[in-house]
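Report on one structure; see the data block that follows.
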Amino acid sequence: MEDLESLKAEVLAAIAAAQDLKAWDDARVAALGKKGRVTELMKGMGALPVEQKIEMGKKLNVLKSEIEAALENRRNELAEKELNEKLARETIDVTLPVRDEVQGRIHPVSKIYEEVVAIFGEMGFDVAEGPDIEDQFHNFNALNMPANHPARQMQDTFYIPNRNSDDFDDSYVVRTHTSPVQIRTMESRRPPIRIIAPGRTYRSDYDATHTPMFHQVEGLVIDKNITMAHLKGCLYDFVKAFFELDEIPVRYRPSYFPFTEPSAEMDIGCLKTKTELKIGAGTDWLEILGCGMVHPNVLRAGGIDPDEYQGFAFGVGIDRLAMLKYGIPDLRTFFESDVRWLKHYGFTPLDFSSMTGGLSNNGGSAR
Ligand code: DAH
């Protein structure tokens with residue numbers, strides 16, 4: 001019969017010496033496993049006379065619980081040790097400054113897009129979307145431009161044949177403006193509506209300030225008792241926030257759009273010299289956007305009763321905003337994919353536009 005005291009000492013020493021969970025398990029198996037030393041002793045008890053059997057049973061049970069307690073202790077220690085090592089390995093120093101060598105740049109169009117969404121988002125507008133390929137109903141008819149309406153000619157439209165119809169009225173268009181999203185929004189939800197719809201638009205035109213594909217943001221607000229005063233207040237707040245100025249002179253000139261009545265164009269005050277354009281001061285005016293009260297026919301086309309609801313709308317050229325805000329002279333360069341241009345006029349991806357953290361972050365890398 002083994003000396004229980006020295007057996008205990010050996011087993012406990014083996015447990016204490018285990019440096020990882022694998023060694024710990026080896027020690028456990030060697031003592032309490034199927035063929036472990038303690039297990040063997042228990043098996044051997046059967047051959048003992050009754051008196052000794054009882055005594056030995058007690059002793060072995062005590063020994064077994066002591067070993068189990070030691071095992072449990074050691075396992076907790078090892079688990080904690082392992083966790084601490086893992087935490088130490090995976091430590092992240094959150095005080096380290098962000099690496100500034102990011103190569104990519106955010107295109108000015110994307111930047112303006114972000115800025116406009118940040119400003120109107122703060123005012124409670126949702127972002128709505130519509131397809132680039134539109135039917136004529138949404139691009140024209142529903143916007144109070146029936147077939148042969150003269151305003152259709154103003155838009156240098158790209159038409160796309162309809163495979164299922166020879167009728168010209170059934171051909172599709174690549175949308176000439178973001179205004180069709182007004183109709184799609186009215187079709188899909190009930191007032192109150194407060195959305196902006198940024199996106200790509202297309203017209204057959206090409207010079208320093210026009211490209212066949214360009215970008216617009218549409219705005220639409222529909223509710224009960226909406227007036228021109230809401231339009232003016234909203235757009236005034238927008239231009240101030242956008243140009244990051246506390247004050248900016250604005251004026252509204254009467255204009256014409258088929259889908260609004262009355263219609264206006266909004267100008268902002270500026271100073272034009274031979275070499276510079278300074279926004280927010282001076283005696284010159286710069287046209288910035290088109291706007292107006294949503295025409296009753298447009299509300300009807302969108303399934304909204306004009307006797308119950310009114311609204312205002314506006315449309316802004318995103319590329320034009322980018323040219324003005326960041327002093328980029330030629331629109332065509334926007335779409336040439338020249339990395340040197342992008343490096344100069346682009347923005348670091350780490351500068352987010354927000355109303356609290358800063359819109360343009362002082363012009364990003366362009367300045
Ligand atoms: N859709 C017009 C265009 O592309 C811009 C516009 C003007 C949109 C007035 C509007 C608006 O919503 O009210 O030229």
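The residue that is nearest to the ligand (Cβ to nearest atom), counting only those in the stretch 227-247 that are free of Cβ contacts under 8 Å to residues at least 40 places away in the same chain and assigned to a helix (DSSP H, G or I), is K232. For R200, the requirement of being outside any loop (DSSP other than H, G, I, E, B), under 25 Å from the mean Cα position of the chain (by Cα) and within 13 Å of the ligand (Cβ to nearest atom) is met. All conditions but one from (1) open to solvent by 10 Å² or more (accessible area, probe 1.4 Å); (2) at pLDDT 95 or above; (3) within 29 Å of K240 (Cβ to Cβ) apply to F137; the one that does not is (3). Restricting attention to the stretch 260-297, the residues being surrounded by 16 or more Cβ atoms within 10 Å (Cβ to Cβ), in contact with a Leu (Cβ under 6 Å, 6 or more places away or on another chain) and among the aliphatic types (A, V, I, L, M) number 2.
Please indicate, with yes or no, whether at least one residue in the stretch 272-281 is among the hydroxyl-bearing types (S, T, Y) and near the ligand (Cβ under 10 Å from one of its atoms).
no
Count, please, the residues in the stretch 163-196 that happen to be part of a loop (DSSP other than H, G, I, E, B) and within 16 Å of the ligand (Cβ to nearest atom). Write out each step before concluding.
First pass over the stretch 163-196, keeping only residues part of a loop (DSSP other than H, G, I, E, B): 163-167, 171, 175-179, 189-192.
Filter once more, keeping what is within 16 Å of the ligand (Cβ to nearest atom): 175-179.
Looking only at that region, the number is 5.
Pairs meeting the criteria (first residue in the stretch 134-150 and assigned to a helix (DSSP H, G or I), second residue of a type outside the set (A, V, I, L, M, F, W, C), beta carbons under 6 Å, at least 6 apart or on different chains) are H138/P180; N139/R175; N139/P180; L143/S179.
Per-residue answers, yes or no, for (1) open to solvent by 60 Å² or more (accessible area, probe 1.4 Å); (2) modelled with pLDDT under 90; (3) within 30 Å of G199 (Cα to Cα):
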| position | (1), (2), (3) |
| --- | --- |
| G44 | no, yes, no |
| L63 | no, no, no |
| E66 | yes, no, no |
| L71 | no, no, no |
| R75 | yes, no, no |
| R89 | yes, no, no |
| T95 | yes, yes, no |
| R99 | yes, yes, no |
| K111 | no, no, yes |
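Taken over the stretch 58-108, the criterion of being touching a Phe, Trp or Tyr at 6+ places or on another chain (Cβ under 8 Å), charged (D, E, K, R) and assigned to a loop (DSSP other than H, G, I, E, B) is satisfied by R105 alone.
Only one of the numbered conditions (1) of a type in the set (A, V, I, L, M, F, W, C); (2) surrounded by 14 or more Cβ atoms within 10 Å (Cβ to Cβ); (3) within 29 Å of P306 (Cβ to Cβ) is not met by A229, and that is (2).
Does T227 fit the bill of being within 19 Å of F259 (Cα to Cα) and assigned by TED's automatic domain parsing to the domain that holds F140? Explain how you work it out, then say what you get.
Numbers: within 19 Å of F259 (Cα to Cα): yes; assigned by TED's automatic domain parsing to the domain that holds F140: yes.
Here the answer is yes, as T227 does meet what is asked.
Filter the stretch 208-226 down to residues that are at negative phi and open to solvent by 60 Å² or more (accessible area, probe 1.4 Å) and give me whichever is nearest to the ligand (Cβ to nearest atom). Selected residue: H210.
Scanning the stretch 247-259 for residues that are open to solvent by less than 20 Å² (accessible area, probe 1.4 Å) and either touching a His at 6+ places or on another chain (Cβ under 6 Å) or closer than 30 Å to S188 by Cα (or both) turns up at least one hit. The set of residues in the stretch 293-337 that are of a type in the set (F, W, Y) and away from the ligand (no atom under 15 Å from the Cβ) comprises Y309, Y326, F334, F335.
The values are calculated or read from the model by the stated rules, or taken from the named source; none is laboratory data. Computed from a prediction, not measured in an experiment: that's the story for all the values here. Here the Cβ is made from the backbone with ideal geometry for all residues, glycine too, and neighbour counts use every protein chain on show. What goes into the accessible areas is simple: the full protein's heavy atoms, side chains included, and nothing from ligands, DNA or RNA. Shrake-Rupley method; radii C 1.70, N 1.55, O 1.52, S 1.80 Å.
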